[in-house]
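Data first, discussion second: the structure below is written as structure tokens.
The values are calculated or read from the model by the stated rules, or taken from the named source; none is laboratory data. Treat the numbers as computed from the prediction; the structure is a model and nothing was measured. Here the Cβ positions follow ideal geometry from the backbone for every residue, glycine too, while neighbour counts run over all protein chains shown. Ligands, DNA and RNA are stripped out before the accessible areas are found, and what is left, the full protein with its side chains, is counted by its heavy atoms. Shrake-Rupley method; radii C 1.70, N 1.55, O 1.52, S 1.80 Å.
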Amino acid sequence: MAPAFNKHLEKRALVATPFKTSQSDQIFNAAQKLMPGGVSSPVRAFKSVGGQPVVFDRVKGAYAWDVDDNQYIDYVGTWGPAICGHAHPDVISAIQKTAEKGTSFGAPCALENVLAEMVIDAVPSIEMVRFVNSGTEACMAVLRLMRAYTGRDKVIKFEGCYHGHADMFLVQAGSGVATLGLPDSPGVPKSTTANTLTAPYNDLEAVKKLFEDNPGEISGVILEAIVGNAGFITPDAGFLEGLRELTTEHGALLVFDEVMTGFRISYGGVQAKYGVTPDLTTLGKIIGGGLPVGAYGGKAEIMGMVAPAGPMYQAGTLSGNPLAMTAGIKTLELLNKPGTYEQLDKITGRLINGLLAAAKETGHEVCGGHVSGMFGMFFTEGPVHNYEDAKKADAQKFSRYHRGMLERGIYLAPSGFEAGFTSLAHTEEDVDKTIAAAREVLSEL
Ligand code: HOZ
């Protein structure tokens, strides 16, 4: 059941009016002279899918409208945060109330305690938390903490996993780096990435070997416990457990980057759902309820290293910002109700099963799946266990599929290397329209 606020939304037939892009084109053309690539973040520029991006005007519930007034069923959800539906009235009114008291304090604020307690109660690994302003910041800080705590400089990450754009993580990274086919970014000194070791996702033997080849030098292993930045890839049975054992055996830390998956896969994230508890966790997206928030947390003993409790420095003027804390608190309150994750799982299962069936019926080789409100489909027979497998998917076909869906009022992530997201506002009707649109597009590919 969609929440009541979704009911009064404009329910016009998808592409009842012809798809228009004149306003979007005009704005995006101007943007290209003002900002690199016309955007504030690369993937949204549509470079890998071709054509120009549409420029959003407003969002509500499961829908987005662009400046030409095309309406979309949105499966990006501002890259994950909009899990309750865009612009949920409770979140908006809470933000408005807090804004009356000011937009930033740069001083301790009681709202931080409230969100911190909610995060600590929900996420098994987190006994103490530090709020920052983005997932990138959270991952940057957690890496410093891994090194500070262990006294070791090296870190293991997985090919195709994306942990933000900090120098030491721009090695075999997913998301925009994969989308744009940038192997390594200029400006990242080799000396910085020399300590970043990589392994294929789901390959425990490779991790074992890295530990054997670098005895006593590896601070820990960081991963997207379910990958969303190389497309949607789930951990094989025993992979997370194996990493837990290996890291413990080698005195290294296990870190789950749950920026995408935290409060999405379950209220307590992947770690609560799969019962594997890392030492540290990074969060972002949903905990900000649509405003910029990131966080890292873990065992109190490790978090005690962070300044001013300990010597590891990390700071931020807008960290713990009252508006962002408010949006996060309200969003978590909405999520922490019986049936939330069952509803997400059900609607997302209906969607992905319908998409896969439509693709197969129309003669395409596809594979894909979902967990709770996160999903993905690759144009390859699969199975996809890692980034190398994901790269075998037909990128040209994805581009044409993406464009066809866009023109029929379905907004998908503009890259085959991004997961899709549903929300509590998506209805069965939305999903069925999406599948019908997909069947039409796929039959023309
Ligand atoms: N890095 C995010 C996707 N994994 C955001 C991309 C964007 O906003 O363009």
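Summary of values
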| read-out | value |
| --- | --- |
| Condition check for M128: open to solvent by 40 Å² or more (accessible area, probe 1.4 Å), touching a residue at least 60 places away in the same chain (Cβ under 8 Å), in contact with a helix residue (DSSP H, G or I) (Cβ under 6 Å, 6 or more places away or on another chain) and of a type in the set (A, V, I, L, M) | yes |
| Residue list for segment 259-312, restricted to those being within 15 Å of the ligand (Cβ to nearest atom), within 21 Å of G369 (Cβ to Cβ) and part of a loop (DSSP other than H, G, I, E, B) | V259, M260, T261, R264 |
| Residue in segment 131-146 that is touching a Pro at 6+ places or on another chain (Cβ under 7 Å) and surrounded by fewer than 23 Cβ atoms within 10 Å (Cβ to Cβ) present | yes |
| Single unsatisfied condition, A110 versus (1) within 16 Å of the ligand (Cβ to nearest atom); (2) surrounded by fewer than 17 Cβ atoms within 10 Å (Cβ to Cβ) | (1) |
| Among residues of segment 399-432, those that are within 16 Å of the ligand (Cβ to nearest atom) and assigned to a helix (DSSP H, G or I), counted | 2 |
| Residues located in segment 176-194, provided they are touching a residue at least 24 places away in the same chain (Cβ under 8 Å) and not in a loop (DSSP other than H, G, I, E, B) | G176, A178, T179, T192, T193 |
| Condition check for G242: touching a residue at least 60 places away in the same chain (Cβ under 8 Å) and either surrounded by fewer than 24 Cβ atoms within 10 Å (Cβ to Cβ) or within 16 Å of the ligand (Cβ to nearest atom) (or both) | no |
| Selected residue [within 16 Å of the ligand (Cβ to nearest atom), in contact with a His (Cβ under 7 Å, 6 or more places away or on another chain) and under 22 Å from G420 (Cβ atoms)] from V55, V49 | V49 |
| Residues of segment 25-77 that turn out to be polar (S, T, N, Q) and surrounded by fewer than 20 Cβ atoms within 10 Å (Cβ to Cβ), as a count | 6 |
| Segment 152-168 residues that are open to solvent by 10 Å² or more (accessible area, probe 1.4 Å), paired with ones that are in a strand (DSSP E or B) (beta carbon under 7 Å, 6 or more apart) | R152/I218; R152/S219; D153/S219; K154/L197; K154/I218; K154/S219; E159/T198; M168/T196 |
| Criterion: modelled with pLDDT under 95 and more than 23 Å from G288 (Cα to Cα) - qualifying residue of G363, G382 | G382 |
| Meets criteria (at negative phi, assigned to a helix (DSSP H, G or I) and either free of Cβ contacts under 8 Å to residues at least 40 places away in the same chain or out of contact with any Lys or Arg (no Cβ under 9 Å at 6 or more places or on another chain) (or both)) for I435 | no |
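So that you can scan it fast, the table gives a plain yes or no per residue for (1) away from the ligand (no atom under 16 Å from the Cβ); (2) part of a strand (DSSP E or B); (3) more than 16 Å from the chain's Cα centre (by Cα); (4) closer than 23 Å to S319 by Cα:
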position	(1), (2), (3), (4)
V119	yes, no, yes, yes
V129	yes, yes, yes, yes
A138	no, no, no, yes
L145	yes, no, yes, yes
I156	yes, yes, yes, no
Y162	no, no, no, yes
G174	no, no, no, no
